[in-house]
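Following: one structure in structure tokens, then a few remarks.
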2 protein chains.
Amino acid sequence: MIKIGILGYGNLGKGVELGIKQNPDMELVSIFTRRNPGSLKTVTNVPVINISEVEKWKDKIDVMILCGGSATDLPNQGPKYAEMFNTVDSFDTHAKVSEYYNQVNEKAIKGNKISIISVGWDPGLFSINRLYAETILPTGNTYTFWGKGVSQGHSDAIRRISGVKNAVQYTIPIEDAVEAVREGNNPVLTTRQKHLRECFVVLEEGADGRKIEEEIKTMPNYFADYDTNVYFISEEELNEKHSKMPHGGFVIRSGKTGMNEQTKQIIEYSLKLESNPEFTANVLLSYARAAYKLHEKGETGARTVLDIPPAMLSTKTTEELLKTII
Amino acid sequence: MIKIGILGYGNLGKGVELGIKQNPDMELVSIFTRRNPGSLKTVTNVPVINISEVEKWKDKIDVMILCGGSATDLPNQGPKYAEMFNTVDSFDTHAKVSEYYNQVNEKAIKGNKISIISVGWDPGLFSINRLYAETILPTGNTYTFWGKGVSQGHSDAIRRISGVKNAVQYTIPIEDAVEAVREGNNPVLTTRQKHLRECFVVLEEGADGRKIEEEIKTMPNYFADYDTNVYFISEEELNEKHSKMPHGGFVIRSGKTGMNEQTKQIIEYSLKLESNPEFTANVLLSYARAAYKLHEKGETGARTVLDIPPAMLSTKTTEELLKTII
């Protein structure tokens, strides 16, 4: 049995807790939180421990799954716990992955541990598919589309606006753009041509809707470069219709082969997820198994999903893989 | 530069010859054939050598790409040349992969070489996707659909019928079945419900079309379990409209997560290929790079695509992968 710890108990931590039940070679040892352990309502009957005591669990946990966020939690927690535990995390700030990798790598080597970083679907499964696709079709273009799904970052950005009580933002890929890519037309697409954004917003009493709509639509980085629709709804409607966390997307490689590179070849990978955190949790668990195996082999340091052979994620033997998967 | 040899010069061998031009870290050293070398019209200006002399090239080639067929060529060539060269092949008889792996493994270890077997898209990229998907979503069903595309095996089976001059067979996935799977309905599908078969047949003069149609439709293993349409056309029409080798397909995993496994999660991988052999050739070349790297590291024996970390296919450094792919 692979002994799993969960560090951080938000949506992702809950997803990991549920996902462990689907993996018979894993058991959940405990959940670590910065909050008062007694205040946590967990799904399964598992000890909840304050994070200040985590070091005592060093030898009782094979792989610690870091379920904190990339903005403020993981930049500190990643390197810190890489020295103490084998870890898996979903660090997703693309621009800082290289720096983060080096910090985690140094600590993991120091502690004789393995850390697999940036695990999930993007980065993660989408990264793997971008790499396979561009390597197999060296001449071509890779397109990534996201959605339809809830972007936490964009929802948070709206919630920070004064006068907004609550908000949910959907990222929506533009169907015509996806179709043009699928047909192998290799279109050059602007940000605006690839995705549109839909915002469902609950106003505080007396707030000026028109002003808030303008503020959302002109917000740099988040909305200014997109066509954005803003809908004002009641809190009841938001809770009823927009409380789930679906997501998904596509990685499409449109390549050419042949004597004059005249032959169209299309590779597409897509996800349609009713729950983003539950799916991401399951990806983390597959890589927790790989981290365990790598540590058993005596390897140390940081890894990404690109370094892990697919077979290492599986419980199956080579013989079983040859007979059931190949 | 990785020095590549091609053994066997059919459609796949030609595809490899063309694909090498897209990979600046590779050069084609020579093509080996059982035929009279002078009789071969190659695409690029490369030495063509009779296979009887292949042993002399042992130290001049880093990776030999075996482009023979799985029915009669590879069962002999795979083990034989695994002792002499690092090899990559597209052995695709699913039921015999395990036996073949063991034979190749023994010889590759004996010769201190690496052999990556069953490389292509199915087996190959589809195998990888079946494994990732079933590991990440342990509760669920995996569906593989093929087509629309030309099946060489089925076309050959028709051509062997007395009175048939030429034939091309298309495997076509049934759209309703694909849609039901995509919706997460987890249908139980019979062979007949997943694919239909379309046959374009040129008759010999005086042949009995009705009898041949009956013979095709009742052929065990190949057609009896499918709805099959047979169209008789002229040789001119066959050459004009059916001489290309498109193919493709889908691997779809329909899984469930959550407290009561109530959350639908769909993973789909699909290929839409205008040329099956040119695409398969490019997959072989990516794994030739991996075989080269594994041999440089001193590893020996047989491998499948499931054993190879994605990063090993690429020309990019870890730093470049972190910055451009993750």
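The values are calculated or read from the model by the stated rules, or taken from the named source; none is laboratory data. Values in this document were obtained by computation on a predicted structure and should not be read as measured data. Positions of Cβ are backbone-derived with ideal geometry, glycine not excepted, and every protein chain shown enters the neighbour counts. Quick note on the areas: whole protein, heavy atoms, side chains included, nothing else; ligands and nucleic acids left out. Shrake-Rupley method; radii C 1.70, N 1.55, O 1.52, S 1.80 Å.
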Residue match in region B:295-303 (condition: open to solvent by less than 10 Å² (accessible area, probe 1.4 Å) and under 17 Å from B:V119 (Cα atoms)): yes
Single condition A:S70 does not satisfy, out of (1) modelled with pLDDT of 95 or more; (2) in contact with a Phe, Trp or Tyr (Cβ under 8 Å, 6 or more places away or on another chain): (1)
Unmet requirement for A:T44, which otherwise passes all of (1) in contact (Cβ under 8 Å) with a residue 40 or more places away in the chain; (2) open to solvent by 10 Å² or more (accessible area, probe 1.4 Å): (1)
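Go through region B:47-83 and count every residue that is hydrophobic (A, V, I, L, M, F, W, C) and free of Cβ contacts under 8 Å to residues at least 40 places away in the same chain.
Step one: filter region B:47-83 for residues hydrophobic (A, V, I, L, M, F, W, C), giving B:48-49, B:51, B:54, B:57, B:61, B:63-67, B:71, B:74, B:82.
The next check asks that each one be free of Cβ contacts under 8 Å to residues at least 40 places away in the same chain; those that pass are B:48-49, B:71, B:74.
Result for region B:47-83: 4.
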Selection from region B:187-212 of residues that are touching a Phe, Trp or Tyr at 6+ places or on another chain (Cβ under 9 Å) and among the polar types (S, T, N, Q): B:T191
Region A:142-160, residues that are farther than 8 Å from A:Y170 by Cβ and of a type in the set (K, R): A:R159, A:R160
Test: residue in region B:262-274 that is out of contact with any helix residue (DSSP H, G or I) (no Cβ under 7 Å at 6 or more places or on another chain), surrounded by fewer than 20 Cβ atoms within 10 Å (Cβ to Cβ) and not hydroxyl-bearing (S, T, Y): yes
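Which of the residues spanning region B:258-285 are among the acidic types (D, E), at the interface with another protein chain (Cβ under 7 Å from one of its Cβ atoms) and more than 12 Å from the chain's Cα centre (by Cα)?
We begin by selecting, within region B:258-285, every residue among the acidic types (D, E); these are B:261, B:268, B:274, B:278.
Keeping just the survivors that are at the interface with another protein chain (Cβ under 7 Å from one of its Cβ atoms) gives B:268, B:274, B:278.
Across region B:258-285, the qualifying residues are B:E268, B:E274.
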Meets criteria (more than 19 Å from A:S90 (Cα to Cα), at pLDDT below 95 and in contact with a helix residue (DSSP H, G or I) (Cβ under 6 Å, 6 or more places away or on another chain)) for A:V43: yes
Meets criteria (open to solvent by 60 Å² or more (accessible area, probe 1.4 Å) and assigned to a helix (DSSP H, G or I)) for B:K244: no
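For the condition within 11 Å of another protein chain (Cβ to nearest Cβ), among the aliphatic types (A, V, I, L, M) and either open to solvent by less than 10 Å² (accessible area, probe 1.4 Å) or assigned to a helix (DSSP H, G or I) (or both), what is the one hit in A:L238, A:L306? Can you show your working first?
Details: A:L238 fails: within 11 Å of another protein chain (Cβ to nearest Cβ).
Within the list A:L238, A:L306, the selection yields A:L306.
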From the options A:A224, A:A157, residue that is open to solvent by less than 70 Å² (accessible area, probe 1.4 Å), hydrophobic (A, V, I, L, M, F, W, C) and part of a loop (DSSP other than H, G, I, E, B): A:A224
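Out of all the residues in region A:52-84, which are in contact with a Lys or Arg (Cβ under 6 Å, 6 or more places away or on another chain) and either farther than 22 Å from A:N11 by Cβ or surrounded by fewer than 16 Cβ atoms within 10 Å (Cβ to Cβ) (or both)?
Taking region A:52-84 first, the residues in contact with a Lys or Arg (Cβ under 6 Å, 6 or more places away or on another chain) are A:61-62, A:79, A:82-84.
If the condition is that a residue be in contact with a Lys or Arg (Cβ under 6 Å, 6 or more places away or on another chain) and either farther than 22 Å from A:N11 by Cβ or surrounded by fewer than 16 Cβ atoms within 10 Å (Cβ to Cβ) (or both), then A:D62, A:P79, A:A82, A:E83, A:M84 are the ones that fit.
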Filter result for the condition that a residue is polar (S, T, N, Q) and under 23 Å from the mean Cα position of the chain (by Cα), over B:N239, B:N221: B:N221
Some residue of region A:133-151 being under 14 Å from A:R303 (Cα atoms), buried (at least 22 other Cβ atoms within 10 Å of the Cβ) and within 9 Å of another protein chain (Cβ to nearest Cβ): no
